[in-house]
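J.: Attaching a single structure in structure tokens format; questions to follow.
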Amino acid sequence: MRLLTFQSPAGPRLGIQTTRGVVDVVVAREQLFAHSTEFVPDTIEEVFATGERGLAALRHLLKVVEAQEQPGTWLLAEESLQYGLCVPRTGKIICVGLNYRRHAAESGMAVPESPVLFPKYANSFAASGEEVPLPGNAVQYDYEAELAVVIGRQTRFVGVEEALSSVLGYCNANDLSARELQFRTSQWLLGKALDKFLPVGPYLVTADEVGDPQRLGIRCWLNGELCQDSTTADMIFPVAYIISYLSQYLTLEPGDVVSTGTPEGVLMGKQDPQWLKPGDEVIVEIEKLGRLVNSMR
């Protein structure tokens, strides 16, 4: 399934993207299960709180919806919607640096022997379509197309072989960076955790629909020019290894987001970088996950 949230007069609503449009889960539940006590989660937070039970309920709702000959008022035109966040704001955000071989090379840095980790926080989340503010206290603003992994169950001391069973789904992410702030000290936090510097979405695609996370094309466009064009096969530490590694030291919880690093092609790796500026549009596209679109302001 492709889950998303969208803005409504009543606040953020949970939706499911289909070939015919977006299913408004609240309206579909009210109209199709009006005389039933059947449980259906209606917020992205409730999806993570209920795990497989919630996903099974949404799959059943989708099956009932698709069996209807005539679409009801639950079916919305996606182009008319304003996206919300496809992940909860309540989880940890753990990012992996220098996790693609060719990106390490373009950065002039050695291939790390262990995952390079740093945090972002909930203030950094932005939805697809949101404008990202570029503060005046920096200039060297850069994009980073990344595969984000969203944890679906409590995970501690998991082995590599079982690690992917902890994943609820995946989404596009853009690990935006202010390079002169990032490298002001040996700690990268200041240049990474600015407001809205981690756009994600537009969809959270469940793990069963994505399959092997190491076989996905990953691309980034700046103002229509293709700047990053790689594959997750170039990761130094694969997704399963990262989850297992993290779980040896901390407990991963449902809704935690792990952003797994960026491939080559960032502005920092160019001879004469033209840093991001207001008005620039950045598009991140990962195979099977749709397109994440954000403009700078």
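J.: Could you run through the range 83-116 and say how many residues are under 17 Å from the mean Cα position of the chain (by Cα) and either assigned to a loop (DSSP other than H, G, I, E, B) or under 17 Å from F197 (Cβ atoms) (or both)?
T.: 15
J.: Tell me, which helices (runs of 4 or more DSSP H) lie completely within the range 186-251 with 1 or more residues that are at pLDDT 95 or above and buried (at least 22 other Cβ atoms within 10 Å of the Cβ)?
T.: Filter on the range 186-251 gives 189-192, 239-247.
J.: Looking only at the range 80-126, which residues are β-branched (V, I, T) and over 19 Å from N174 (Cβ atoms)?
T.: The answer is T90, V111.
J.: Taking the range 110-132 as the region of interest, how many residues are out of contact with any helix residue (DSSP H, G or I) (no Cβ under 9 Å at 6 or more places or on another chain) and either crowded, with 19+ Cβ neighbours inside 10 Å or more than 29 Å from I16 (Cα to Cα) (or both)?
T.: Looking only at that region, the number is 8.
J.: Considering each of A126, A148, A138 in turn, give the residue that is in a loop (DSSP other than H, G, I, E, B) and in the same structural domain as P263 (by TED's automatic domain parsing).
T.: After ruling out the rest, the residue left standing is A138.
J.: Counting only residues that are farther than 25 Å from T18 by Cα and among the charged types (D, E, K, R), which one in the range 187-216 is nearest to the chain's Cα centre (by Cα)?
T.: Across the range 187-216, the extreme among qualifying residues is K196.
J.: Follow-up. Consider the range 264-297. How many of its residues are under 18 Å from the mean Cα position of the chain (by Cα) and among the hydrophobic types (A, V, I, L, M, F, W, C)?
T.: Counting residues in the range 264-297 that are under 18 Å from the mean Cα position of the chain (by Cα) and among the hydrophobic types (A, V, I, L, M, F, W, C) gives 7.
The values are calculated or read from the model by the stated rules, or taken from the named source; none is laboratory data. Here the structure is a predicted model, which means the values were calculated and not measured. In this analysis, Cβ positions are derived from the backbone assuming ideal geometry, glycine residues included, and neighbour counts consider all displayed protein chains.
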